[in-house]
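Here the structure is laid out as structure tokens; the discussion comes afterwards.
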Amino acid sequence: MPLTRLALVLLLAVAPPAFAQTTAEAPVVEASVDHLGEVLQLDALFQVLREEGLAHGGTLKTDMFPAGGGEDWDATVSRIYDVARLRTAFAAALQTSLGPEPGAVAEITDFFASDLGQRILGLEIEARRAFLDTATEEAAQVAADDAAAAKDPRVAQLRRMIEAADLLEMNVAGTLSGNLAFMTGMASTGVYGAVPDDQILSDVWGQEDQIRADTSTWLYSYLGLAYSPLTEAEMESYIRFWKSPAGQRLNAALFSAFDTVFRDISFELGRAAGTAIQGRDI
């Protein structure tokens, strides 16, 4: 799974407009966004994201420096994926992205605080947790392929969900952004020698087609597993929410906030990897 595919899968293509914020407005907005974070079950989500990050760190250790890294690498990866640190950074980024409009935040909160909203969030988080097991992810991919071959109507719903939120393109963009940050972090240690920035950018963009194919496979597998307990009517309600102005606003804010946080993480991870490859203390 691409490292930067770390949001709630609900991402929009455009960033929200910038809004001026007065001192008087700030406490109200902050309280609203804090409550929204609780409703969105972000603490539970970030626990899973930490587990994904630690697993990714283990894969990097095996692939990039099987004879090195050791406990220093494990400790560094654990620090980079510290839940409290990530949540604090994400909360600040989300507040900035949503802007000072408590009414919009309230509409978003109302949907996800409903029985259906809470159920959906739980299903999304549990599916991410299930995908920590490679066998489960592979089984979900087989199930998605079988559903597509059988022309299961749910596949068409998933496609409309993906298109409504521009999930494929935004996840591809996020993955490319994260990969560029990782490679830039590695380059900052001197591990590549004098490699120009445009060469790094070219190498990253050369991955685009493969990333798009892998991301499409992952989306149908993940969404198929996560939403399998939902009825057709429940799925339609969810799709309608993400097509609404409130849904689009949240979608843009989530993508922007996650991109901000995990781009920094990718850079840190790349810098740590570059240092470890050269046998220096991380």
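The values are calculated or read from the model by the stated rules, or taken from the named source; none is laboratory data. Please read all numbers here as calculations on a predicted model, not as lab measurements. Here the Cβ positions follow ideal geometry from the backbone for every residue, glycine too, while neighbour counts run over all protein chains shown.
Here is a list: Thr175, Thr189. Which entry is surrounded by fewer than 20 Cβ atoms within 10 Å (Cβ to Cβ), of a type in the set (S, T, N, Q) and touching a residue at least 40 places away in the same chain (Cβ under 8 Å)? Spell out how you get there, then give the answer.
Details: Thr175 fails: surrounded by fewer than 20 Cβ atoms within 10 Å (Cβ to Cβ).
Answer to the check: Thr189.
Can you tell me which of Val29, Val9 is on the phi > 0 side of the Ramachandran plot and modelled with pLDDT under 90?
Numbers: Val29 fails: on the phi > 0 side of the Ramachandran plot.
Exactly one residue qualifies, and that residue is Val9.
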Quiz item: For the subset of segment 221-257 comprising residues that are farther than 21 Å from Gly178 by Cβ and aliphatic (A, V, I, L, M), which member is surrounded by the most Cβ atoms within 10 Å (Cβ to Cβ)?
Solution: Leu250
Quiz item: From the list Asp166, Asp145, which residue is of a type outside the set (A, V, I, L, M) and on the phi < 0 side of the Ramachandran plot?
Solution: Asp145
Quiz item: Going by the conditions given, is Ser237 out of contact with any Pro (no Cβ under 8 Å at 6 or more places or on another chain), in contact (Cβ under 8 Å) with a residue 24 or more places away in the chain and assigned to a helix (DSSP H, G or I)?
Solution: yes
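Please specify each residue of segment 153-211 satisfying the condition of being in a loop (DSSP other than H, G, I, E, B) and either more than 27 Å from Trp242 (Cα to Cα) or hydrophobic (A, V, I, L, M, F, W, C) (or both).
The answer is Ala165, Ser188, Thr189, Gly190, Val191, Tyr192, Gly193, Ala194, Val195, Pro196, Gly206, Gln207.
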Exercise. Please find, within segment 126-162, the residue that is surrounded by the most Cβ atoms within 10 Å (Cβ to Cβ) out of those that are under 22 Å from Phe46 (Cα atoms) and among the aliphatic types (A, V, I, L, M).
Key: Ala127
Quiz prompt | Residue match in segment 200-214 (condition: out of contact with any helix residue (DSSP H, G or I) (no Cβ under 9 Å at 6 or more places or on another chain), farther than 30 Å from Phe267 by Cβ and not hydrophobic (A, V, I, L, M, F, W, C)) | solution = no
Quiz prompt | Residues that are within 16 Å of Glu268 (Cβ to Cβ), loosely packed, with under 14 Cβ neighbours inside 10 Å and aliphatic (A, V, I, L, M), drawn from segment 62-82 | solution = Ala75
Exercise. May I ask you to verify whether Ala106 is surrounded by fewer than 16 Cβ atoms within 10 Å (Cβ to Cβ), free of Cβ contacts under 8 Å to residues at least 60 places away in the same chain, out of contact with any helix residue (DSSP H, G or I) (no Cβ under 6 Å at 6 or more places or on another chain) and not polar (S, T, N, Q)?
Key: no
Self-check item: Near pairs, Cβ below 7 angstrom, 6+ apart or cross-chain, from segment 124-146 (under 17 Å from Arg50 (Cα atoms)) to any residue that is polar (S, T, N, Q) and surrounded by 16 or more Cβ atoms within 10 Å (Cβ to Cβ)
Solution: Ile125/Gln41
